[in-house]
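*Asks:* This structure is in structure tokens; I'll ask about it shortly.
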Amino acid sequence: MDANSKLVAAFLALALLVVYPLYQAAERHDDQIQTVVHQAVTEFVDAARTKGYISPQMYLQFNERLGATGNVYEVSIEHLHKKYNPVYTDPANPASFQNSFDTYYDGHYTEEIMKVIFPEANIPEDSDTRKYKLAVNDFIKVQVKNKNRTMATILNDFILVGNSGDVPKIFMPYGGMVLNEDY
């Protein structure tokens, strides 16, 4: 019995000496990837905010930077276009205008934006029709999260004998108001 407990203790010590440093290295690697993703998302959104549009070149360059990390990402884009509605007591009577406007935002999302940037028709990449245009005072938000399990997640599940499931390790939401219309 004493030999068995020494064997188990030696195995645990060896596992901790090898697995834990490997886990820490994987965590640091994920932190570095998070930094790269943060920079890529920030640059993409800020470029869209200052230019007032998203071009195919901008989106492809953004995707290239994300792909360089070796992970698979889910990218969602949200564009909120500011609109105004005049307020009437009787909408059928123009004389009932109340001298005020309701402000609301019309939402446009990834699928709709991608149809403009990458249409099914064979249009040159530098064509103005392939630019998704934004207006001043609109809002744009990009959210990126990894779809695959990173090495740190796998090692964490191994050490803790658990299953973290599909919880994203790398997650980056960023957005802001459009500042310019440079098209």
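The values are calculated or read from the model by the stated rules, or taken from the named source; none is laboratory data. Values in this document were obtained by computation on a predicted structure and should not be read as measured data. Quick reminder, even Gly has a Cβ in these numbers, built from the backbone with ideal geometry, and neighbours come from all protein chains shown. Remember, those area values only see protein heavy atoms, side chains included, never the ligands or the DNA or RNA. Shrake-Rupley method; radii C 1.70, N 1.55, O 1.52, S 1.80 Å.
*Asks:* Quick check on my filter: what residues within the stretch 104-142 are open to solvent by less than 90 Å² (accessible area, probe 1.4 Å), modelled with pLDDT under 90 and among the polar types (S, T, N, Q)?
*Replies:* S127
*Asks:* Go through K147, K169 for me and flag whichever is closer than 22 Å to Q24 by Cα, in contact with a strand residue (DSSP E or B) (Cβ under 7 Å, 6 or more places away or on another chain) and either surrounded by fewer than 13 Cβ atoms within 10 Å (Cβ to Cβ) or of a type in the set (V, I, T) (or both). Step through it out loud before you land on a result.
*Replies:* Details: K169 fails: either surrounded by fewer than 13 Cβ atoms within 10 Å (Cβ to Cβ) or of a type in the set (V, I, T) (or both).
Answer to the check: K147.
*Asks:* Additional query: Report, by residue number, each residue of the stretch 159-174 that is closer than 24 Å to D46 by Cα and among the aliphatic types (A, V, I, L, M).
*Replies:* Within the stretch 159-174, I170, M172 qualify.
*Asks:* Something else about it: Yes or no: A3 small (G, A, S), open to solvent by 70 Å² or more (accessible area, probe 1.4 Å) and on the phi < 0 side of the Ramachandran plot? Talk me through it step by step, then tell me what you get.
*Replies:* Details: small (G, A, S): yes; open to solvent by 70 Å² or more (accessible area, probe 1.4 Å): yes; on the phi < 0 side of the Ramachandran plot: yes.
Yes, satisfied.
*Asks:* Could you look through the stretch 57-69, keep only residues that are surrounded by fewer than 19 Cβ atoms within 10 Å (Cβ to Cβ) and not aliphatic (A, V, I, L, M), and pick out the one that is nearest to A121 (Cα to Cα)?
*Replies:* Of the residues in the stretch 57-69, the ones surrounded by fewer than 19 Cβ atoms within 10 Å (Cβ to Cβ) are 57-58, 60-61, 63-65, 67-68.
Applying the additional criterion that residues be not aliphatic (A, V, I, L, M) yields 57, 61, 63-65, 67.
Values: Q57: 17, Q61: 21, N63: 22, E64: 23, R65: 26, G67: 26 Å.
Residue satisfying both the conditions and the ranking: Q57.
*Asks:* Only one of V18, V45 is among the β-branched types (V, I, T) and surrounded by fewer than 13 Cβ atoms within 10 Å (Cβ to Cβ); which?
*Replies:* Values: V45 fails: surrounded by fewer than 13 Cβ atoms within 10 Å (Cβ to Cβ).
It is V18.
*Asks:* If you don't mind, another one. Contact list please: Cβ distance under 7 Å, first residue in the stretch 117-140 and under 19 Å from G107 (Cβ atoms), second residue open to solvent by 70 Å² or more (accessible area, probe 1.4 Å) and of a type in the set (D, E), pairs at least six apart or on different chains.
*Replies:* Between residues of the stretch 117-140 that are under 19 Å from G107 (Cβ atoms) and residues that are open to solvent by 70 Å² or more (accessible area, probe 1.4 Å) and of a type in the set (D, E), the close pairs are A135/E181; V136/E181.
*Asks:* Now for a separate question. Kindly evaluate I54 against the criterion of being more than 14 Å from the chain's Cα centre (by Cα), among the β-branched types (V, I, T), open to solvent by less than 20 Å² (accessible area, probe 1.4 Å) and at pLDDT 95 or above. Write out each step before concluding.
*Replies:* Working: more than 14 Å from the chain's Cα centre (by Cα): yes; among the β-branched types (V, I, T): yes; open to solvent by less than 20 Å² (accessible area, probe 1.4 Å): yes; at pLDDT 95 or above: yes.
In short, yes.
*Asks:* Suppose we filter L160, L155 for residues that are among the aliphatic types (A, V, I, L, M) and open to solvent by 40 Å² or more (accessible area, probe 1.4 Å); which single one remains?
*Replies:* On the way: L155 fails: open to solvent by 40 Å² or more (accessible area, probe 1.4 Å).
Residue meeting the stated conditions: L160.
*Asks:* Okay, moving on. Can you list the strands (runs of 3 or more DSSP E) lying wholly within the stretch 69-183 that have 3 or more residues being in contact with a His (Cβ under 9 Å, 6 or more places away or on another chain)? Break it down into steps so the answer makes sense when it comes.
*Replies:* On the way: elements: 73-88, 97-109, 139-146, 171-177.
Strands (runs of 3 or more DSSP E) meeting the threshold: 73-88, 97-109, 139-146.
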